[in-house]
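A.B. asks: My questions will all concern the structure given below.
Since every read-out is calculated from the coordinates, none of them should be taken as a lab result. Just so we're clear, the structure is a prediction, and the values are computed from it rather than from any experiment. No Cβ is skipped: glycine too gets one built from the backbone with ideal geometry, and neighbour counts run over all protein chains shown.
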């Protein structure tokens, strides 16, 4: 009987040890509870474009400095799936086209714009052999834009209006940005416009020519914004604040010097964008102000200008205004936010 009891006792102890090891290794049962600490990181959607660059930069820097991050960046390949993931609440926060976010709020989607992706950072490219040298030369031509809710489409509305032309004089074709360089190369379209780095790709590969940069037509042009579900703001405000702070610090880190930009081109291309680093290196430096990542607090005057163009183009009715779709409380004073105190390793 003593041997049987010994075996039974050993089995009980073994099961108890296995249970403890499982709890320790695969659950948070024995981790100290930190007051106010987030339960888990929430997902943030992004595309491999420069107006979403601060998302992977923030993730990479946070993990390099602390080994963890407050959010999980989720890469998408196009606008439709990025938007649907946000609407399904798979991504409580996402980088998204500014007019699209405004239109979604008008349609009743409970979101708030809390920060910008960047300023400028887009262009209209034509084939180097074309005879298109100004806006008037675009009359009767085919121009590819990301979709009807893109600010690149509104950019063309503004350019044609400023030139005294009718937007009906140009054929706008919706096309995924990654497909645009090949379309221009094949001369399937006469001009293309989207966020970088796809415009820079045509220039770098030798067949594209800049017709104009967005800063030439629309100074402080806004392409994308960081939008957050109102439920996430209500239930996880501290996480949202940490996300916004991290994005802002990353932007200032990128604009601090060219060394940081070139480092970001390396680790973002390899770890997040699946692109050759030469492409990001080019658009982040040629010229240096092609893309700007500072002064990204949402401003009323900027969005009211977008509203005017969005109404004229038929994608916005004006049923909601700036205070309905923007929450400026996360960045009361952008000047006090420092750049990330992180030195990137040499590639």
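A.B. asks: Divide the volume of the convex hull of the Cα atoms of the stretch 35-187 by its number of residues and quote the answer in cubic angstrom per residue.
C.D. replies: On the way: hull volume 21.9 nm³, N = 153.
Convex hull volume per residue, Cα atoms: 143 Å³.
A.B. asks: Round to the nearest 10 and give me the degree value, 0 to 90, for the angle of helix 54-66's Cα axis relative to the longest principal axis of the chain.
C.D. replies: Between the helix axis and the principal axis of the chain, the angle is about 30 degrees.
A.B. asks: I need 131, 290, 139, 63 ordered by Cβ neighbour count within 10 Å, fewest first.
C.D. replies: Details: 131 8, 290 22, 139 14, 63 11.
Taking fewest neighbouring Cβ atoms as first place, the list is 131, 63, 139, 290.
A.B. asks: What distance in nm separates the simple spin-label points at residue 237 and residue 301, each placed 7 Å from Cα in the Cβ direction?
C.D. replies: For the pair residue 237/residue 301, the computed spacing is 3.0 nm.
A.B. asks: To test your reading of the geometry: what angle, between 0 and 90 degrees and rounded to tens, separates the Cα axis of helix 151-162 from the longest principal axis of the chain?
C.D. replies: 20 degrees
A.B. asks: Stokes-Einstein at 4 °C, 1.567 mPa s, Kirkwood radius from Cα pairs: D for the chain in µm² s⁻¹? Can you show the working numbers first?
C.D. replies: Details: Rh = 21.8 Å.
Approximately 60 µm²/s, per Stokes-Einstein.
A.B. asks: How do 150, 238, 130 rank when sorted from fewest to most other Cβ atoms within 10 Å of their own Cβ? Provide the component values of the computation, followed by the final result.
C.D. replies: Numbers: 150 25, 238 11, 130 15.
Taking fewest neighbouring Cβ atoms as first place, the list is 238, 130, 150.
A.B. asks: Also, I was wondering about something else. Quick one: helix 2-26 against the long Cα principal axis of the chain, what's the angle to the nearest 10°, folded into 0 to 90?
C.D. replies: With both axes taken from Cα atoms, the answer is about 20 degrees.
A.B. asks: Specify the residue with the greatest mean-square fluctuation among 241, 107, 201, computed from a Gaussian network of the chain linking alpha-carbon atoms under 10 Å apart.
C.D. replies: 107
A.B. asks: Points 7 angstrom from Cα along the Cβ direction at residue 256 and residue 139: gap in nanometres?
C.D. replies: My value for the distance between the label points is 5.1 nm.
A.B. asks: How high is the FRET efficiency between residue 163 and residue 220 when r is their beta carbon distance and R₀ equals 25 Å, given to the nearest 0.05?
C.D. replies: 0.80
A.B. asks: Could you give the alpha-carbon Rg of the stretch 210-274 over 2.2 N^0.38 Å, rounded to two decimals? Display every interim value, and only then the final one.
C.D. replies: Working: Rg = 15.8 Å, N = 65, 2.2 N^0.38 = 10.7 Å.
Relative to the 2.2 N^0.38 Å estimate, the stretch 210-274 comes out at 1.47.
A.B. asks: Taking 0.36 nm per residue of sequence separation and subtracting the Cα-Cα distance, how much length would be gained by fully extending the chain between residue 285 and residue 342, in nm to one decimal?
C.D. replies: Numbers: separation 57, 0.36 × 57 = 20.52 nm, distance 2.05 nm.
Full-extension gain reported as 18.5 nm.
A.B. asks: Quick one: the Cα spread of the stretch 122-217 along its three principal axes, in angstroms, biggest first?
C.D. replies: Computed over the Cα atoms, the extents are 33, 28, 24 Å.
A.B. asks: Could I ask something else about it? Please give the FRET efficiency for residue 85 paired with residue 129, using the beta carbon to beta carbon distance and R0 = 30 Å, rounded to the nearest 0.05.
C.D. replies: On the way: r = 40 Å, r/R0 = 1.33.
My answer for the efficiency is 0.15.
A.B. asks: Moving on. Starting from the 7 Å offset along Cα-to-Cβ, what nm value, one decimal, do you get for the label separation of residue 173 and residue 210?
C.D. replies: 2.5 nm
A.B. asks: Let me ask something else. Taking other Cβ within 10 Å of each residue's Cβ, how do 269, 250, 223 sort, fewest first? Let's see the in-between values first.
C.D. replies: Numbers: 269 20, 250 26, 223 29.
Least to most surrounded, the residues fall as 269, 250, 223.
A.B. asks: Could I ask something else about it? Test of understanding: what is the full-extension gain from residue 328 to residue 74, defined as 0.36 nm times their sequence separation minus their Cα-Cα distance? Could the numbers behind the result be given before it?
C.D. replies: Details: separation 254, 0.36 × 254 = 91.44 nm, distance 2.45 nm.
Taking residue 328 through residue 74 to full extension adds about 89.0 nm, to one decimal.
A.B. asks: Enter the Cα centre distance for the pair the stretch 320-347 and the stretch 74-96, rounded to the nearest angstrom.
C.D. replies: 21 Å
A.B. asks: Let me ask something additional. In Å and on Cα atoms, what radius of gyration and Dmax does the stretch 108-158 show?
C.D. replies: 14.9, 47
A.B. asks: If the elastic network links every pair of Cα atoms under 10 Å, which of 215, 252, 301 fluctuates the most in the Gaussian network model of the chain?
C.D. replies: It is 301.
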